[in-house]
Amino acid sequence: MFARRLVVLTLPILAACASAQELKIAAASDLNPAIEKVGAAFKKQSGVQLKVSYGSSGNFFAEIRNGAPFDVFLSADRSYAESLSEFGKTDKGATTYALGTLVVWVSNRVALNPSPDNLNLLTNDHIHKIAIANPEHAPYGRAAVAALAHYQLQDKLKPKLVTGENVSQTAQFAESGNAEAALIPLSIALTDTMKKGGRFAVISRDAYPPLLQAGVVLRSSQDKQDAHRFLEFLTSSAGQKILQEYGFEAPKK
């Protein structure tokens, strides 16, 4: 369920629409639960369908710098989108579309209840492995490391940490039983699979840097008009309403 995958939202083509009919989207994995509904709503409005690849923001950043053929990049960290602009890879600047939230998730196999501002439960002997996304290229992985440092737990918990390539793989480690706990996005924790398998608590925003998420239209896009329309939709009231259903907050203006 959570491994990186390519998803094509195949909704009926509107014959009257003169656009290219498809946008190639590189999306941070925390968007996985939300993007199908976003894509369906955008398709209904515009006649354009989305072809979505999910992965870590850092890996997509490297791929796009090397010429990967996407129309839009939706990063979980605004800095990746801004850096692509600085490298001349984008058409216009970055658009912030959401604020992400980090949570601590604990498996039902462990008789522990997570609570806000209490990551000390992760030191319990019944928790042998804690899954986080790779902090080298996953924004939520860096947020997880920052949260552990905030609560002065990084050294004590370092032997327990296992890293996923992205937040979807991180959640898969936890859901499959390879980790008893995980630090993951709220959007992933709210999925039916993760709610069925465990419990979670939101981590205080004071414990990690803001997860400002931003998108850019790539200069190499063959359909910049529709790509910009998609970013505009994502930040519109309709797009924001959908994102908020999946645990994202609207960015402060």
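On inspection, VAL202 does not qualify as of a type outside the set (Phe, Trp, Tyr) and surrounded by 22 or more Cβ atoms within 10 Å (Cβ to Cβ).
From the list ALA171, ALA238, the one residue that fits, being within 14 Å of LEU102 (Cα to Cα) and either crowded, with 22+ Cβ neighbours inside 10 Å or in the same structural domain as PHE42 (by TED's automatic domain parsing) (or both), is ALA171. Tell me, please, whether a residue that is surrounded by fewer than 23 Cβ atoms within 10 Å (Cβ to Cβ), free of Cβ contacts under 8 Å to residues at least 12 places away in the same chain and either in contact with a helix residue (DSSP H, G or I) (Cβ under 7 Å, 6 or more places away or on another chain) or closer than 14 Å to ASP77 by Cα (or both) can be found in the range 144-154. Yes. The single condition among (1) among the β-branched types (Val, Ile, Thr); (2) in contact with a Gly (Cβ under 7 Å, 6 or more places away or on another chain); (3) closer than 15 Å to GLN213 by Cβ that THR170 does not meet is (3).
For the range 41-82, a residue qualifies if it is closer than 18 Å to GLU136 by Cβ, touching a Lys or Arg at 6+ places or on another chain (Cβ under 9 Å) and either of a type in the set (Val, Ile, Thr) or without any contact (Cβ under 8 Å) to a residue 60 or more places away in the chain (or both), and the qualifying residues are ILE64, ARG65. Taking SER85, is it among the hydroxyl-bearing types (Ser, Thr, Tyr), without any contact (Cβ under 8 Å) to a residue 60 or more places away in the chain and either assigned to a helix (DSSP H, G or I) or surrounded by 14 or more Cβ atoms within 10 Å (Cβ to Cβ) (or both)? No: the conditions fail for SER85.
For the range 88-119, taking the residues that are in contact with a helix residue (DSSP H, G or I) (Cβ under 7 Å, 6 or more places away or on another chain) and of a type in the set (D, E, K, R), the one that is surrounded by the most Cβ atoms within 10 Å (Cβ to Cβ) is identified as LYS89. Would a scan of the range 120-129 turn up a residue that is farther than 22 Å from LEU212 by Cβ, surrounded by 14 or more Cβ atoms within 10 Å (Cβ to Cβ) and either in the same structural domain as SER53 (by TED's automatic domain parsing) or hydroxyl-bearing (Ser, Thr, Tyr) (or both)? Checking the range 120-129: not a single residue is farther than 22 Å from LEU212 by Cβ, surrounded by 14 or more Cβ atoms within 10 Å (Cβ to Cβ) and either in the same structural domain as SER53 (by TED's automatic domain parsing) or hydroxyl-bearing (Ser, Thr, Tyr) (or both).
Here ALA182 does not fit the description of being in the same structural domain as ASN108 (by TED's automatic domain parsing) and surrounded by fewer than 19 Cβ atoms within 10 Å (Cβ to Cβ).
The values are calculated or read from the model by the stated rules, or taken from the named source; none is laboratory data. Note that the coordinates shown come from a computational prediction; the quantities given were computed from them, not determined experimentally. Don't worry about glycine lacking a Cβ; one is built from the backbone with ideal geometry, like all the others, and counts go over all protein chains shown.
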